[in-house]
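The values are calculated or read from the model by the stated rules, or taken from the named source; none is laboratory data. None of the values given here were measured: they were computed from a predicted structure. Positions of Cβ are generated from backbone atoms using ideal geometry, with glycine treated the same way; all protein chains shown enter the neighbour counts.
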Amino acid sequence: MADGWSVEEVKAAYQALLENHSVKKALDFIEADHGNTVAEQIAITEIPAPPFKEQQRAEDVQRRLQKLGLENVEMDSEGNVYGIRRGSGQGPKIFISAHLDTVFPEGTDTKVREENGILHAPGIGDDTRGLAELLAVVRALNEAEIETVGDLVFGGTVGEEGAGDLRGVKAFFTEHQDIDGFLSLDGPGFNHITYLGTGSFRYTITYKGPGGHSFGDFGTPSATHAIGRAIAAIADLETSKEPKTTFSVGEVKGGTSVNAIAQEASMAVDLRSNDAGALAELDERFLTIVKKAAEAENAKWNDSRITVDIKRFGNRPPASQSADAPIVKVAAAAVEAIGGTPELCTPSSTDANYPMSLGIPAITIGLGGIFGGAHTLEEWHNPGEGHLGVQKSLMTVLGLAGVKNTSPALLKK
(Lines give C-alpha, C1' and ligand atoms only; values in the text may rest on other atoms or scores of the structure.)
Protein backbone atom coordinates (compact mmCIF):
# COMPACT_ATOMS: atom_id res chain seq x y z
CA MET A 1 0.00 0.00 0.00
CA ALA A 2 1.11 3.58 -0.69
CA ASP A 3 2.77 5.79 1.93
CA GLY A 4 4.47 2.82 3.59
CA TRP A 5 1.34 1.12 5.01
CA SER A 6 0.75 -2.43 3.88
CA VAL A 7 -2.67 -4.05 3.84
CA GLU A 8 -1.63 -6.08 6.87
CA GLU A 9 -0.61 -2.92 8.76
CA VAL A 10 -3.95 -1.30 8.02
CA LYS A 11 -5.76 -4.39 9.28
CA ALA A 12 -3.60 -4.38 12.39
CA ALA A 13 -4.40 -0.71 13.04
CA TYR A 14 -8.12 -1.41 12.81
CA GLN A 15 -7.84 -4.46 15.02
CA ALA A 16 -6.15 -2.27 17.63
CA LEU A 17 -8.89 0.33 17.29
CA LEU A 18 -11.66 -2.24 17.73
CA GLU A 19 -9.96 -3.60 20.85
CA ASN A 20 -9.59 -0.14 22.38
CA HIS A 21 -12.00 0.45 25.26
CA SER A 22 -12.69 4.07 24.31
CA VAL A 23 -13.41 3.19 20.68
CA LYS A 24 -15.80 0.44 21.80
CA LYS A 25 -17.50 2.97 24.04
CA ALA A 26 -17.85 5.43 21.15
CA LEU A 27 -19.35 2.79 18.85
CA ASP A 28 -21.85 1.73 21.50
CA PHE A 29 -22.69 5.36 22.22
CA ILE A 30 -23.45 6.04 18.55
CA GLU A 31 -26.03 3.26 18.48
CA ALA A 32 -27.60 4.41 21.76
CA ASP A 33 -27.53 8.02 20.53
CA HIS A 34 -29.53 7.21 17.38
CA GLY A 35 -32.61 9.08 18.62
CA ASN A 36 -30.63 12.29 19.15
CA THR A 37 -29.14 12.03 15.67
CA VAL A 38 -32.61 11.73 14.14
CA ALA A 39 -33.91 14.61 16.27
CA GLU A 40 -31.10 16.87 15.02
CA GLN A 41 -31.72 15.73 11.46
CA ILE A 42 -35.37 16.81 11.76
CA ALA A 43 -34.57 20.10 13.47
CA ILE A 44 -31.97 21.12 10.89
CA THR A 45 -34.17 20.03 7.96
CA GLU A 46 -36.88 22.43 9.13
CA ILE A 47 -34.45 25.35 8.80
CA PRO A 48 -34.57 26.21 5.06
CA ALA A 49 -31.25 26.48 3.25
CA PRO A 50 -32.05 27.48 -0.34
CA PRO A 51 -29.19 28.10 -2.78
CA PHE A 52 -27.12 31.14 -1.76
CA LYS A 53 -29.32 31.65 1.34
CA GLU A 54 -27.89 29.15 3.79
CA GLN A 55 -27.11 31.60 6.59
CA GLN A 56 -29.95 30.70 8.98
CA ARG A 57 -29.05 27.02 8.88
CA ALA A 58 -25.34 27.86 9.06
CA GLU A 59 -25.91 29.86 12.24
CA ASP A 60 -27.80 26.94 13.78
CA VAL A 61 -25.03 24.47 12.94
CA GLN A 62 -22.46 26.94 14.22
CA ARG A 63 -24.23 26.99 17.61
CA ARG A 64 -24.29 23.19 17.68
CA LEU A 65 -20.57 22.98 16.97
CA GLN A 66 -19.87 25.49 19.74
CA LYS A 67 -22.03 23.49 22.16
CA LEU A 68 -19.97 20.40 21.36
CA GLY A 69 -16.85 22.22 22.54
CA LEU A 70 -14.98 22.62 19.29
CA GLU A 71 -12.34 25.34 19.26
CA ASN A 72 -12.31 28.42 17.05
CA VAL A 73 -15.81 27.83 15.69
CA GLU A 74 -16.43 30.44 13.00
CA MET A 75 -18.41 31.39 9.94
CA ASP A 76 -16.15 32.47 7.11
CA SER A 77 -16.87 35.14 4.51
CA GLU A 78 -18.38 32.58 2.10
CA GLY A 79 -20.78 31.25 4.75
CA ASN A 80 -19.07 27.99 5.73
CA VAL A 81 -19.07 27.12 9.44
CA TYR A 82 -16.44 24.98 11.13
CA GLY A 83 -14.43 24.40 14.25
CA ILE A 84 -11.44 22.28 15.29
CA ARG A 85 -11.02 19.34 17.64
CA ARG A 86 -7.32 19.19 18.32
CA GLY A 87 -5.29 16.00 18.49
CA SER A 88 -1.88 15.41 19.95
CA GLY A 89 -0.35 17.55 17.21
CA GLN A 90 1.69 14.79 15.60
CA GLY A 91 -0.62 13.78 12.77
CA PRO A 92 -2.51 15.03 9.72
CA LYS A 93 -5.15 17.73 9.73
CA ILE A 94 -8.42 16.47 8.27
CA PHE A 95 -11.53 18.42 7.26
CA ILE A 96 -14.77 16.47 7.75
CA SER A 97 -17.84 18.19 6.30
CA ALA A 98 -21.41 17.95 5.05
CA HIS A 99 -23.05 20.58 2.89
CA LEU A 100 -25.52 23.08 4.31
CA ASP A 101 -27.45 23.93 1.16
CA THR A 102 -30.38 22.16 -0.45
CA VAL A 103 -31.69 22.41 -4.02
CA PHE A 104 -35.07 23.83 -2.98
CA PRO A 105 -35.96 27.49 -3.57
CA GLU A 106 -36.94 29.99 -0.94
CA GLY A 107 -40.48 29.43 0.31
CA THR A 108 -40.38 25.61 0.09
CA ASP A 109 -42.19 23.96 3.02
CA THR A 110 -39.55 21.87 4.82
CA LYS A 111 -41.70 20.74 7.74
CA VAL A 112 -40.88 17.10 8.47
CA ARG A 113 -43.70 14.54 8.43
CA GLU A 114 -43.17 11.09 9.94
CA GLU A 115 -45.13 8.06 8.77
CA ASN A 116 -44.35 4.53 9.99
CA GLY A 117 -40.84 5.55 10.98
CA ILE A 118 -40.06 7.17 7.62
CA LEU A 119 -39.26 10.89 7.51
CA HIS A 120 -40.69 12.97 4.68
CA ALA A 121 -39.51 16.48 3.78
CA PRO A 122 -37.54 18.27 1.05
CA GLY A 123 -33.88 18.04 2.08
CA ILE A 124 -34.39 15.40 4.78
CA GLY A 125 -31.58 13.35 3.25
CA ASP A 126 -29.45 15.53 0.98
CA ASP A 127 -27.50 16.62 2.87
CA THR A 128 -29.19 17.29 6.20
CA ARG A 129 -28.62 13.72 7.23
CA GLY A 130 -24.91 14.32 6.59
CA LEU A 131 -24.91 17.28 8.97
CA ALA A 132 -26.66 15.22 11.66
CA GLU A 133 -24.19 12.36 11.29
CA LEU A 134 -21.23 14.76 11.45
CA LEU A 135 -22.49 16.17 14.76
CA ALA A 136 -23.05 12.62 16.04
CA VAL A 137 -19.41 11.73 15.31
CA VAL A 138 -18.22 14.68 17.39
CA ARG A 139 -20.56 13.69 20.24
CA ALA A 140 -19.15 10.15 20.20
CA LEU A 141 -15.55 11.37 20.26
CA ASN A 142 -16.37 13.57 23.23
CA GLU A 143 -18.36 10.94 25.10
CA ALA A 144 -15.56 8.39 24.82
CA GLU A 145 -12.86 11.02 25.44
CA ILE A 146 -10.87 9.84 22.42
CA GLU A 147 -7.67 11.73 21.72
CA THR A 148 -6.71 11.54 18.07
CA VAL A 149 -3.19 11.97 16.80
CA GLY A 150 -4.21 14.35 14.02
CA ASP A 151 -6.35 17.48 14.25
CA LEU A 152 -9.96 17.27 13.09
CA VAL A 153 -11.89 20.15 11.55
CA PHE A 154 -15.66 19.58 11.49
CA GLY A 155 -18.04 21.83 9.58
CA GLY A 156 -20.70 22.58 7.00
CA THR A 157 -20.06 24.00 3.54
CA VAL A 158 -22.26 26.18 1.35
CA GLY A 159 -22.87 26.00 -2.38
CA GLU A 160 -22.51 22.28 -3.09
CA GLU A 161 -25.73 22.07 -5.08
CA GLY A 162 -26.46 23.38 -8.58
CA ALA A 163 -25.31 26.89 -9.34
CA GLY A 164 -23.45 26.99 -6.03
CA ASP A 165 -20.53 25.55 -8.01
CA LEU A 166 -18.76 24.21 -4.89
CA ARG A 167 -18.18 27.79 -3.78
CA GLY A 168 -17.95 26.82 -0.13
CA VAL A 169 -15.32 24.13 -0.42
CA LYS A 170 -13.39 26.20 -2.97
CA ALA A 171 -13.27 29.13 -0.52
CA PHE A 172 -12.27 26.89 2.38
CA PHE A 173 -9.30 25.36 0.59
CA THR A 174 -8.24 28.73 -0.76
CA GLU A 175 -8.03 30.03 2.80
CA HIS A 176 -6.62 26.87 4.42
CA GLN A 177 -3.40 25.52 2.97
CA ASP A 178 -2.70 23.11 5.83
CA ILE A 179 -5.36 20.44 5.24
CA ASP A 180 -4.01 16.94 4.59
CA GLY A 181 -7.27 15.12 3.85
CA PHE A 182 -10.97 15.70 3.24
CA LEU A 183 -14.09 13.67 3.98
CA SER A 184 -17.51 14.67 2.68
CA LEU A 185 -20.46 12.97 4.39
CA ASP A 186 -23.05 12.85 1.64
CA GLY A 187 -25.22 10.44 -0.32
CA PRO A 188 -26.91 7.10 0.29
CA GLY A 189 -25.24 3.87 1.31
CA PHE A 190 -23.20 3.66 4.52
CA ASN A 191 -20.75 1.40 2.67
CA HIS A 192 -20.40 3.64 -0.39
CA ILE A 193 -17.06 5.33 -1.15
CA THR A 194 -16.81 7.88 -3.96
CA TYR A 195 -13.17 8.49 -4.85
CA LEU A 196 -13.47 9.87 -8.42
CA GLY A 197 -14.89 13.26 -9.40
CA THR A 198 -17.05 14.04 -12.41
CA GLY A 199 -16.27 17.51 -13.76
CA SER A 200 -18.74 19.93 -15.29
CA PHE A 201 -19.02 23.27 -17.04
CA ARG A 202 -22.36 25.07 -16.89
CA TYR A 203 -23.38 27.93 -19.13
CA THR A 204 -26.08 30.45 -19.72
CA ILE A 205 -26.13 31.27 -23.43
CA THR A 206 -28.19 34.31 -24.51
CA TYR A 207 -28.91 35.37 -28.08
CA LYS A 208 -30.11 38.93 -28.69
CA GLY A 209 -31.45 40.67 -31.78
CA PRO A 210 -33.62 43.59 -32.94
CA GLY A 211 -36.95 41.75 -32.79
CA GLY A 212 -40.06 42.85 -34.62
CA HIS A 213 -43.48 41.87 -35.97
CA SER A 214 -43.65 38.35 -37.34
CA PHE A 215 -45.26 39.52 -40.62
CA GLY A 216 -44.39 43.17 -40.96
CA ASP A 217 -40.72 42.73 -40.07
CA PHE A 218 -40.22 39.36 -41.68
CA GLY A 219 -36.60 39.02 -42.76
CA THR A 220 -35.27 40.26 -39.41
CA PRO A 221 -33.03 37.69 -37.67
CA SER A 222 -34.61 35.98 -34.67
CA ALA A 223 -33.03 35.15 -31.32
CA THR A 224 -35.20 32.03 -30.98
CA HIS A 225 -34.24 30.84 -34.45
CA ALA A 226 -30.57 31.29 -33.53
CA ILE A 227 -30.97 29.31 -30.34
CA GLY A 228 -32.87 26.65 -32.26
CA ARG A 229 -29.93 26.27 -34.64
CA ALA A 230 -27.60 25.90 -31.67
CA ILE A 231 -29.74 23.34 -29.88
CA ALA A 232 -30.10 21.23 -33.00
CA ALA A 233 -26.32 21.14 -33.47
CA ILE A 234 -25.71 20.41 -29.80
CA ALA A 235 -28.19 17.53 -29.95
CA ASP A 236 -26.17 16.01 -32.82
CA LEU A 237 -22.89 15.97 -30.87
CA GLU A 238 -21.20 12.60 -30.40
CA THR A 239 -19.31 12.00 -27.16
CA SER A 240 -17.33 9.12 -25.71
CA LYS A 241 -18.77 6.46 -23.42
CA GLU A 242 -15.38 6.01 -21.80
CA PRO A 243 -14.48 8.38 -20.28
CA LYS A 244 -18.17 9.13 -19.88
CA THR A 245 -18.83 12.57 -21.38
CA THR A 246 -22.29 14.14 -21.59
CA PHE A 247 -24.20 17.27 -22.56
CA SER A 248 -27.67 18.62 -21.87
CA VAL A 249 -29.68 21.73 -22.71
CA GLY A 250 -31.65 21.88 -19.49
CA GLU A 251 -33.67 25.08 -19.73
CA VAL A 252 -34.77 27.28 -22.64
CA LYS A 253 -36.41 30.71 -22.47
CA GLY A 254 -37.25 33.34 -25.06
CA GLY A 255 -39.70 35.34 -27.09
CA THR A 256 -42.67 37.43 -26.03
CA SER A 257 -45.53 36.48 -28.33
CA VAL A 258 -46.54 34.05 -31.04
CA ASN A 259 -46.57 36.89 -33.57
CA ALA A 260 -43.27 38.53 -32.57
CA ILE A 261 -39.76 37.96 -33.84
CA ALA A 262 -37.86 37.23 -30.64
CA GLN A 263 -35.46 39.86 -29.35
CA GLU A 264 -33.91 37.52 -26.80
CA ALA A 265 -33.61 33.80 -26.10
CA SER A 266 -31.45 31.90 -23.64
CA MET A 267 -30.56 28.38 -22.62
CA ALA A 268 -28.84 26.74 -19.67
CA VAL A 269 -26.37 24.04 -20.68
CA ASP A 270 -24.58 21.36 -18.67
CA LEU A 271 -21.39 19.68 -19.98
CA ARG A 272 -19.85 16.81 -17.98
CA SER A 273 -17.01 14.35 -18.13
CA ASN A 274 -14.93 12.15 -15.88
CA ASP A 275 -11.82 13.31 -17.75
CA ALA A 276 -10.41 16.84 -17.91
CA GLY A 277 -9.19 16.48 -21.49
CA ALA A 278 -12.52 15.14 -22.75
CA LEU A 279 -14.38 17.92 -20.97
CA ALA A 280 -12.12 20.57 -22.52
CA GLU A 281 -12.63 19.08 -25.99
CA LEU A 282 -16.42 19.02 -25.58
CA ASP A 283 -16.32 22.59 -24.30
CA GLU A 284 -14.45 23.76 -27.40
CA ARG A 285 -16.90 22.03 -29.74
CA PHE A 286 -19.87 23.44 -27.82
CA LEU A 287 -18.60 27.02 -27.91
CA THR A 288 -17.94 26.74 -31.65
CA ILE A 289 -21.56 25.65 -32.18
CA VAL A 290 -22.89 28.51 -30.06
CA LYS A 291 -20.99 31.13 -32.06
CA LYS A 292 -21.74 29.61 -35.47
CA ALA A 293 -25.47 29.57 -34.69
CA ALA A 294 -25.45 33.37 -34.40
CA GLU A 295 -23.44 33.65 -37.59
CA ALA A 296 -25.82 31.34 -39.45
CA GLU A 297 -28.94 33.23 -38.37
CA ASN A 298 -27.37 36.51 -39.46
CA ALA A 299 -26.24 35.01 -42.77
CA LYS A 300 -29.74 33.69 -43.46
CA TRP A 301 -31.07 37.26 -43.58
CA ASN A 302 -27.91 39.03 -44.71
CA ASP A 303 -27.82 40.81 -41.35
CA SER A 304 -25.42 41.21 -38.44
CA ARG A 305 -27.62 42.14 -35.51
CA ILE A 306 -27.86 38.77 -33.73
CA THR A 307 -25.28 38.62 -30.94
CA VAL A 308 -24.51 35.93 -28.41
CA ASP A 309 -23.57 36.38 -24.75
CA ILE A 310 -21.72 33.44 -23.17
CA LYS A 311 -21.61 33.15 -19.38
CA ARG A 312 -20.04 30.20 -17.61
CA PHE A 313 -21.56 29.92 -14.14
CA GLY A 314 -20.27 26.48 -13.21
CA ASN A 315 -16.79 24.98 -13.18
CA ARG A 316 -16.44 21.77 -11.21
CA PRO A 317 -13.06 20.20 -11.92
CA PRO A 318 -12.91 16.51 -12.80
CA ALA A 319 -10.50 14.67 -10.56
CA SER A 320 -9.23 11.18 -9.91
CA GLN A 321 -7.09 9.17 -7.54
CA SER A 322 -6.17 5.52 -7.31
CA ALA A 323 -8.51 2.98 -5.78
CA ASP A 324 -5.40 1.97 -3.85
CA ALA A 325 -4.92 5.45 -2.38
CA PRO A 326 -4.53 5.33 1.42
CA ILE A 327 -7.68 7.38 2.06
CA VAL A 328 -9.74 4.95 -0.04
CA LYS A 329 -8.26 1.86 1.59
CA VAL A 330 -8.81 3.30 5.05
CA ALA A 331 -12.46 4.07 4.31
CA ALA A 332 -12.92 0.52 3.03
CA ALA A 333 -11.33 -0.88 6.19
CA ALA A 334 -13.66 1.29 8.27
CA VAL A 335 -16.70 -0.19 6.54
CA GLU A 336 -15.37 -3.69 7.17
CA ALA A 337 -14.68 -2.84 10.81
CA ILE A 338 -18.41 -2.41 11.45
CA GLY A 339 -19.38 -5.51 9.51
CA GLY A 340 -20.13 -4.01 6.10
CA THR A 341 -18.85 -4.67 2.60
CA PRO A 342 -17.25 -1.59 1.03
CA GLU A 343 -18.46 -0.49 -2.39
CA LEU A 344 -16.33 1.76 -4.58
CA CYS A 345 -18.77 3.94 -6.50
CA THR A 346 -18.69 5.37 -10.01
CA PRO A 347 -17.50 8.97 -10.43
CA SER A 348 -19.79 11.69 -9.11
CA SER A 349 -19.83 15.44 -8.58
CA THR A 350 -19.41 16.28 -4.89
CA ASP A 351 -17.53 18.62 -2.60
CA ALA A 352 -14.60 16.19 -2.80
CA ASN A 353 -13.98 17.17 -6.44
CA TYR A 354 -12.18 20.37 -5.59
CA PRO A 355 -9.62 19.21 -3.00
CA MET A 356 -9.06 16.07 -5.08
CA SER A 357 -8.24 18.29 -8.07
CA LEU A 358 -5.61 20.01 -5.89
CA GLY A 359 -3.97 16.68 -5.12
CA ILE A 360 -5.36 16.52 -1.59
CA PRO A 361 -6.66 13.05 -0.62
CA ALA A 362 -10.45 13.42 -0.65
CA ILE A 363 -13.47 11.13 -0.73
CA THR A 364 -17.21 11.26 -0.22
CA ILE A 365 -18.60 8.56 2.05
CA GLY A 366 -22.25 7.55 2.25
CA LEU A 367 -24.77 7.92 5.05
CA GLY A 368 -26.85 5.56 7.16
CA GLY A 369 -30.44 4.52 6.52
CA ILE A 370 -32.38 4.31 3.27
CA PHE A 371 -32.98 7.30 0.98
CA GLY A 372 -35.47 8.16 -1.75
CA GLY A 373 -36.81 11.05 -3.82
CA ALA A 374 -33.65 13.16 -3.63
CA HIS A 375 -34.03 16.65 -5.15
CA THR A 376 -37.83 16.33 -5.20
CA LEU A 377 -40.57 17.61 -2.89
CA GLU A 378 -41.30 13.95 -2.10
CA GLU A 379 -37.83 13.29 -0.62
CA TRP A 380 -37.80 10.76 2.23
CA HIS A 381 -35.41 8.99 4.56
CA ASN A 382 -35.77 5.85 6.63
CA PRO A 383 -33.27 6.27 9.48
CA GLY A 384 -33.45 2.61 10.52
CA GLU A 385 -29.94 1.22 11.07
CA GLY A 386 -28.74 4.76 10.45
CA HIS A 387 -26.17 4.44 13.22
CA LEU A 388 -24.06 2.31 10.86
CA GLY A 389 -23.29 5.41 8.79
CA VAL A 390 -22.12 7.30 11.86
CA GLN A 391 -20.03 4.37 13.08
CA LYS A 392 -18.40 4.03 9.65
CA SER A 393 -17.56 7.75 9.59
CA LEU A 394 -16.09 7.57 13.09
CA MET A 395 -13.91 4.61 12.16
CA THR A 396 -12.77 6.33 8.96
CA VAL A 397 -11.76 9.42 10.91
CA LEU A 398 -9.94 7.37 13.55
CA GLY A 399 -8.08 5.34 10.94
CA LEU A 400 -6.92 8.41 9.05
CA ALA A 401 -6.10 10.55 12.08
CA GLY A 402 -4.87 7.83 14.44
CA VAL A 403 -5.62 7.39 18.15
CA LYS A 404 -3.03 8.25 20.77
CA ASN A 405 -1.32 5.20 22.27
CA THR A 406 -3.43 2.87 20.11
CA SER A 407 -2.99 3.22 16.36
CA PRO A 408 -0.94 5.40 13.99
CA ALA A 409 -2.40 7.99 11.62
CA LEU A 410 -2.77 6.17 8.30
CA LEU A 411 -2.95 9.42 6.35
CA LYS A 412 0.30 11.20 5.64
CA LYS A 413 0.77 14.62 7.28
(request) Name the residue, out of ILE193, ILE205, that is under 30 Å from VAL153 (Cα atoms), modelled with pLDDT of 95 or more and touching an Asp or Glu at 6+ places or on another chain (Cβ under 9 Å). (result) ILE193
(request) Take the residues in segment 174-217 that are in contact (Cβ under 8 Å) with a residue 60 or more places away in the chain, assigned to a loop (DSSP other than H, G, I, E, B) and of a type in the set (S, T, N, Q), then tell me which one is surrounded by the most Cβ atoms within 10 Å (Cβ to Cβ). (result) THR198
(message) I'd like to check something: does segment 251-261 contain any residue that is surrounded by 23 or more Cβ atoms within 10 Å (Cβ to Cβ), in the same structural domain as GLY384 (by TED's automatic domain parsing) and either over 25 Å from ASN315 (Cα atoms) or not aromatic (Phe, Trp, Tyr) (or both)?
(response) no
(request) Sort out which residues of segment 341-353 are touching a Lys or Arg at 6+ places or on another chain (Cβ under 7 Å) and either among the small types (Gly, Ala, Ser) or outside the structural domain of GLY162 (by TED's automatic domain parsing) (or both), and write them in order of number. (result) SER349
(request) Report yes if GLY339 is surrounded by fewer than 22 Cβ atoms within 10 Å (Cβ to Cβ) and either under 17 Å from VAL390 (Cα atoms) or within 13 Å of the chain's Cα centre (by Cα) (or both), otherwise no. (result) yes
(message) Among (1) over 18 Å from GLU143 (Cβ atoms); (2) touching a residue at least 40 places away in the same chain (Cβ under 8 Å), there is one condition LEU70 misses while meeting the rest; what is its number?
(response) (1)
(message) Among the listed residues THR220, THR246, identify the single one that is surrounded by 13 or more Cβ atoms within 10 Å (Cβ to Cβ) and closer than 23 Å to GLY197 by Cβ.
(response) THR246
(message) Going by what's in this entry, would ALA278 be described as surrounded by 17 or more Cβ atoms within 10 Å (Cβ to Cβ) and touching a strand residue (DSSP E or B) at 6+ places or on another chain (Cβ under 7 Å)?
(response) yes
(message) Show me the strands (runs of 3 or more DSSP E) entirely contained within segment 294-413 in which 2 or more residues are of a type in the set (S, T, N, Q), touching a strand residue (DSSP E or B) at 6+ places or on another chain (Cβ under 9 Å) and at pLDDT 95 or above.
(response) 307-316
(request) Kindly indicate the residue of segment 156-173 that is of a type in the set (A, V, I, L, M, F, W, C) and out of contact with any Ser or Thr (no Cβ under 9 Å at 6 or more places or on another chain) and also surrounded by the fewest Cβ atoms within 10 Å (Cβ to Cβ) among those meeting that condition. (result) ALA163
(request) Scan segment 266-273 and give yes if some residue there is touching a residue at least 60 places away in the same chain (Cβ under 8 Å), in contact with a Phe, Trp or Tyr (Cβ under 7 Å, 6 or more places away or on another chain) and within 18 Å of MET356 (Cα to Cα), otherwise no. (result) no
(request) From (1) within 30 Å of ALA352 (Cα to Cα); (2) touching a residue at least 40 places away in the same chain (Cβ under 8 Å), pick out the condition that doesn't hold for VAL290. (result) (1)
(request) Can you work out which of the residues in segment 137-155 that are hydrophobic (A, V, I, L, M, F, W, C), under 24 Å from the mean Cα position of the chain (by Cα) and closer than 18 Å to LYS25 by Cα is surrounded by the fewest Cβ atoms within 10 Å (Cβ to Cβ)? (result) VAL138
(request) Look at segment 67-98 and say how many of its residues are among the polar types (S, T, N, Q), modelled with pLDDT of 95 or more and surrounded by 15 or more Cβ atoms within 10 Å (Cβ to Cβ). (result) 2
(request) Filter segment 152-173 for residues that are assigned to a strand (DSSP E or B) and within 16 Å of LYS93 (Cβ to Cβ) and give the result. (result) LEU152, VAL153, PHE154, GLY155
(message) I'm checking my understanding of the structure. Among residues of segment 229-243 that are in contact (Cβ under 8 Å) with a residue 40 or more places away in the chain and either surrounded by 15 or more Cβ atoms within 10 Å (Cβ to Cβ) or in a strand (DSSP E or B) (or both), which one is nearest to the chain's Cα centre (by Cα)?
(response) THR239
(message) Consider segment 285-328. How many of its residues are within 30 Å of LEU394 (Cα to Cα) and not acidic (Asp, Glu)?
(response) 12
(request) Return only the number of the condition from (1) surrounded by fewer than 22 Cβ atoms within 10 Å (Cβ to Cβ); (2) touching a residue at least 60 places away in the same chain (Cβ under 8 Å) that VAL330 does not satisfy. (result) (1)
